[in-house]
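Everything below concerns the one structure shown next.
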């Protein structure tokens, strides 16, 4: 574990060096915005819409005390979406989608000796391959999470409208009830940290790949597993630091 941590730190030092050519870095950054961000919009939209509806309906069906106001359905849905679902669960989903892609892409370049070719040409492979991915994810993922929050709350709105279990006015009142803007800040801070974890860990395991095609698959699996574990761990740490 200590050797792995040391290798990770050394790789990040190489990755965060100043790019040799700013134009090349910007071109790679635009590509990663498309690859890591925009191509993930579909799954974020699908999961967020249905999860928001499920959260609203489950909350409504579990309120069986007539003394509890129904506007708390909107309040509970908002809190669960903003504090937990969008920043954490969506990041876990992206760890599976984006993390495996990064690890397999860099791992394939490693086993086919393309990374060695970059070194021979005088290019810093870690900087060229990993830094644009980390930068792009840390910039684009907060927008994905904001999009997820909006779609999830809209999904809850539609679910309440279709089922009729909660009036729309009660749901909207709950969404507005005792809103604390810091919860959005908290969610975005978590998102940036999780974006770094997913891209850096996936890049590390892809970069350390040795062997052949089976080893690329093994690296992808490790990237997803360890990214997910670190996301849960840092979720606990950040929550304790910011909300305690």
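Laboratory data are not the source of any read-out in this text; all were calculated from the coordinates shown. Predicted, not measured: the structure shown is a model, and the values here were computed from it. Every residue, glycine as well, gets a Cβ built from its backbone with ideal geometry; the counts of neighbours run over all protein chains shown.
The residue 232 and residue 120 beta-carbon pair, evaluated with R₀ = 35 Å, returns a calculated FRET efficiency of approximately 0.30. Classified by the C-alpha gyration tensor, region 8-58 has an oblate form. Its axis ratio a/c, with a ≥ b ≥ c, is 1.5 or above, and a/b does not exceed b/c. Over 22 Å apart: what share of the alpha carbon pairs of region 87-162 falls there, rounded to a whole percent? For region 87-162, the share of Cα pairs beyond 22 Å comes to 45 percent. Going by the alpha-carbon gyration tensor, a ≥ b ≥ c the square roots of its eigenvalues, is region 168-215 rounded (a/c under 1.5) or, if a/c is not under 1.5, prolate (a/b greater than b/c) versus oblate? Cα axes put region 168-215 in the oblate bin. Packing here is the average count of other Cβ atoms within 10 Å per residue, and on that basis the peptides 62-73, 205-216, 179-190, highest first, run 205-216, 179-190, 62-73. The residue 215 and residue 4 beta-carbon pair, evaluated with R₀ = 25 Å, returns a calculated FRET efficiency of approximately 0.95. Spin-label model, residue 150 to residue 112: label points 7 Å out along the Cα-to-beta-carbon direction sit 3.8 nm apart.
What share of Cα pairs, in percent, lie more than 28 angstrom apart in the chain?
Details: 11836 of 29646 pairs.
Here the long-distance tail beyond 28 Å is 40 percent of all Cα pairs in the chain.
Could you tell me whether region 9-112 comes out rounded, prolate or oblate from its Cα gyration tensor? Rule is a ≥ b ≥ c as square roots of the eigenvalues, rounded for a/c under 1.5, then prolate if a/b exceeds b/c, otherwise oblate.
Details: a/c = 3.24, a/b = 3.00, b/c = 1.08.
Since a/c reaches 1.5 and a/b is larger than b/c, the shape of region 9-112 is classed as prolate.
Axis of helix 2-15 versus longest Cα principal axis of the chain: the two differ by about 80°, to the nearest ten degrees.
May I ask you to derive the relative contact order of the chain, considering only C-alpha pairs under 8 Å and at least 6 residues apart, and to give it as an integer percent? Numbers along the way, then the final one.
On the way: 315 pairs, mean separation 83.9, N = 244.
Across the chain, relative contact order equals 34 percent.
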